[in-house]
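Shown next, in structure tokens, is the structure this report addresses.
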Amino acid sequence: AQTVTQSQPEMSVQEAETVTLSCTYDTSENNYYLFWYKQPPSRQMILVIRQEAYKQQNATENRFSVNFQKAAKSFSLKISDSQLGDTAMYFCAFSGANNLFFGTGTRLTVIP
Amino acid sequence: DTEVTQTPKHLVMGMTNKKSLKCEQHMGHRAMYWYKQKAKKPPELMFVYSYEKLSINESVPSRFSPECPNSSLLNLHLHALQPEDSALYLCASSQDHRQNLGYGYTFGSGTRLTVV
């Protein structure tokens, strides 16, 4: 069974600083995808970044990047130059056969 | 059009009412999902539709009844709900139900349901 663990329920970061959100997962699959979704107070879940397990290169999307360690089953999200609009719940997700498995989320607050 | 549209945004219903939630997408996605999300919790899968057929029902009580009239539309019919069913109901769509192909989801903004 796939499990996704986010061990940091809440985090805060000063505006313009860098923050890293942790995620670990457990699976016996070889090929899979990992995702980070952001859910601001507006409620809509927005895809932040995606990583294919077969790709060794870490995915990057503007200020967002991941540190993917396949052997350690770790998939952390780094947010650089944090902005007030980054305040949100962040969910790590793992691609099962037919649906995504979500972690419990990390609430990130960016402090002005 | 790259959106998933959910209506209504808010719904308050009594325990004897019948209501429906609606979800629509025009991206040509062939998989659609209903999730339930309680405050400060991750979304919980309820139903998966693939090519307009129900493929997964996560042991959801029969007071929730999904319907997929066509490839763009997904409904969730509600009847005789309980106060503990109050939650955010999220709809999502994906190019294909096979998530190990990496498509991910596009989510709607949800319906905030309150059962009184």
Convex hull (Cα only) mean projected area of chain A, reported in nm² to one decimal: 6.6
Mind checking which of A:Tyr54, A:Tyr37, A:Tyr90 has the largest fluctuation in a GNM of chain A, springs on alpha carbons under 10 Å? A:Tyr54
Most mobile listed residue (B:Tyr33, B:Tyr49, B:Tyr105) in chain B, GNM with C-alpha springs under 10 Å: B:Tyr105
If every alpha-carbon in region B:58-116 counts as one equal scatterer, what log10 I(q)/I(0) does Debye give at q = 0.16, 0.24, 0.30 1/Å? -0.64, -1.14, -1.30
Under 17 Å from the 7 Å Cα→Cβ point of A:Thr3, by amide nitrogen: which residues of region A:80-110? A:92-96, A:101-105
Within 10 Å of each Cβ in B:96-108, how many Cβ atoms from other chains are there, averaged over the peptide? 6
Tell me which lysines have Cα within less than 30 Å of B:Lys22's Cα, excluding those fewer than 8 residues away on the same chain? A:Lys38, B:Lys9, B:Lys36, B:Lys38, B:Lys40, B:Lys41, B:Lys53
List the cysteines in chain B whose Cβ has no other cysteine Cβ under 4.7 Å from it. B:Cys68
Cα-only Debye scattering, the protein assembly as shown: base-10 log of I(q)/I(0) at q = 0.08, 0.13 Å⁻¹: -0.29, -0.77
With a cut-off of 19 Å, note down the residues of region B:14-40 whose backbone N falls inside the zone around a label point 7 Å from the Cα of B:His77 toward its beta carbon. B:14-24, B:33-35
Pairwise Cα inverse-distance average, inverted: Kirkwood Rh of region B:1-41 (Å): 12.7
Test of understanding: extend the Cα→C-beta vector of A:Glu15 to 7 Å, then name every residue of region A:71-101 with backbone N under 14 Å from that spot. A:81-87
Mean-square fluctuation check for chain A, GNM, Cα pairs under 10 Å: which of A:Asn99, A:Asn67, A:Asn58 is largest? A:Asn99
Counting partner chain Cβ atoms within 10 Å of every residue's Cβ in A:41-49, what's the average? 4
Scattering profile of chain B at q = 0.09 Å⁻¹ [log10 I(q)/I(0), Debye over alpha-carbon scatterers]: -0.21
Per residue, what volume in Å³ does the convex hull of the Cα atoms of region A:31-72 enclose? 81
Per residue, the convex hull enclosing the alpha carbons of region A:46-92 has a volume in Å³ of 79
Enumerate the lysines that A:Lys70 could reach by cross-link, defined here as Cα to Cα under 21 Å, with residues fewer than 8 away along the same chain left out. A:Lys55, A:Lys78
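Any read-out appearing in this document is the output of simple, stated calculations on the displayed coordinates, not a laboratory observation. What you see is a predicted model, and the numbers here were worked out from it, not measured in a lab. A quick note on method: Cβ atoms are made from the backbone with ideal geometry, for glycine too, and the neighbour counts reach across all protein chains shown.
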